[in-house]
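Have a look at the structure below before the remarks.
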Amino acid sequence: MTASSEASQATSRLLAVRQRIAAACRASRRAESSVTLLAVSKLQPTQKIRELHAAGHRAFGENYVQEALAKHAELSGDVHCHDIEWHLIGPLQSNKTRAVAETLHWVHSVDRLKIAERLSAQRPPSLPPLNVCIQVNISDEASKSGCAPLEAVPLAVAVSKLPNLRLRGLMGMPAPGLAPEATRAQFALLAALYAEASTMVPGMDTLSMGMSDDLELAIACGSTMVRVGTALFGLRPAVA
Ligand SMILES: *Cc1c(COP(=O)(O)O)cnc(C)c1O
């Protein structure tokens, strides 16, 4: 494809996803502005980020720390793309927290206090607090990422007390390939934990759930942020 047809493809995919979000909000009698879109650019070349940025999008999510840092380094030096908001949505090991705390804007995958404490201690005072979500394992053992549902509210309370973090809410991912009713039950579990945590921690505003295939269901269950990759960028190249 030529550069201009790729740019128009980015614009039309962005419009199509925004229209899906708007329709899902209407179906649930929610304001369209109550759901934000995070573009998941993992494994996609930075050119695709530039195209979506040129189409007006600003929030991008990455799964792998090294890849996130490399893309951030490349695009923050670009006069056009310096205003990207970078989200880490994949697992974070403790030996990688410093670079993340110094560089990115959001981490959705905090699943233990030790990681949160390191991020808070390593967040430079010159930067605004790092936005974080607690990742909860709602998929009933299908995934090893995320804290257990029973740990989510106490962990949220503990994380909310750390000085250089701003706890925004909870994140979760249902097991892949479930029937819609089973997916709905896992979204509903996360929404219930979010409601419970909100009674203990004031000021949270983010229920991060829903992806390309299930964003309508997630919005019906209360999602305030959908993380969408394939529907915006097409299929991902395979992991090396
Ligand atoms: C890859 C990924 C997504 C996006 O998935 P799509 O199906 O491509 O929309 C969202 N959230 C997380 C945590 C992911 O790893």
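If you take the beta carbon distance between Glu141 and Gln9 as r and set R0 to 45 Å, what does 1/(1 + (r/R0)^6) give as a FRET efficiency, to the nearest 0.05?
On the way: r = 39 Å, r/R0 = 0.86.
The formula returns an efficiency of 0.70 here.
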| field | J(HN,Hα) series, region 87-103, from Karplus relation 6.51 cos²θ - 1.76 cosθ + 1.60, nearest Hz, glycine and proline x | value | 10, 9, 10, x, x, 10, 8, 5, 6, 10, 5, 4, 4, 5, 5, 7, 10
| query | Which lysines have a Cα less than 19 Å from the Cα of Lys48, not counting those fewer than 8 places away in the same chain? | reply | Lys71
| task | For region 3-233, report the accessible area per residue in Å² (1.4 Å probe, heavy atoms, rounded to an integer). | result | 45
| said: Rounded to whole Å, give me the distance from the Cα center of region 39-108 to that of region 162-201. | reply: 23
| request: Hey, can you grab everything whose amide H is under 5 Å from the amide H of Gly229? Only 5+ residues off in sequence or another chain; H modelled, so Pro and N-termini drop out. | output: Val40, Ser212
| In nm, to one decimal, how far is the modelled label at Arg29 from the one at Ala185, with both set 7 Å along Cα→Cβ? | 2.8
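Tell me, what is the FRET efficiency for Ala22 and Glu85 to the nearest 0.05, using R0 = 25 angstrom and their Cβ-Cβ distance as r? Could you put the intermediate results ahead of the total?
Values: r = 21 Å, r/R0 = 0.85.
Efficiency, rounded to the nearest 0.05: 0.75.
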| remark: Computed ³J(HN,Hα) along region 121-133: with the Karplus parameters 6.51/-1.76/1.60, θ = phi - 60°, integer Hz and x for glycine or proline, the list is 5, 9, 5, x, x, 6, 9, x, x, 6, 7, 9, 10
| Expressed as a whole percentage, what fraction of the accessible surface of the chain belongs to carbon and sulfur atoms when a 1.4 Å probe is rolled over the protein heavy atoms? | 57
| query | Using a simple charge model, +1 on the beta-carbon of Lys and Arg, -1 on the beta-carbon of Asp and Glu, nothing else, what dipole does region 1-74 show about its Cα centre, in debye to the nearest 20? | reply | 420
| query | For the chain, modelled as a Gaussian network with Cα springs under 10 Å, which listed residue fluctuates most, Gly222, Gly56, Gly210? | reply | Gly56
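The values are calculated or read from the model by the stated rules, or taken from the named source; none is laboratory data. This structure is a prediction, so every number in the text was calculated from the model and none was measured. Glycine gets a Cβ as well: all are built from the backbone with ideal geometry, and neighbour counts include every protein chain shown. Note: accessible area is taken over every heavy atom of the protein model, side chains too, but ligands, DNA and RNA are not part of it. Shrake-Rupley method; radii C 1.70, N 1.55, O 1.52, S 1.80 Å.
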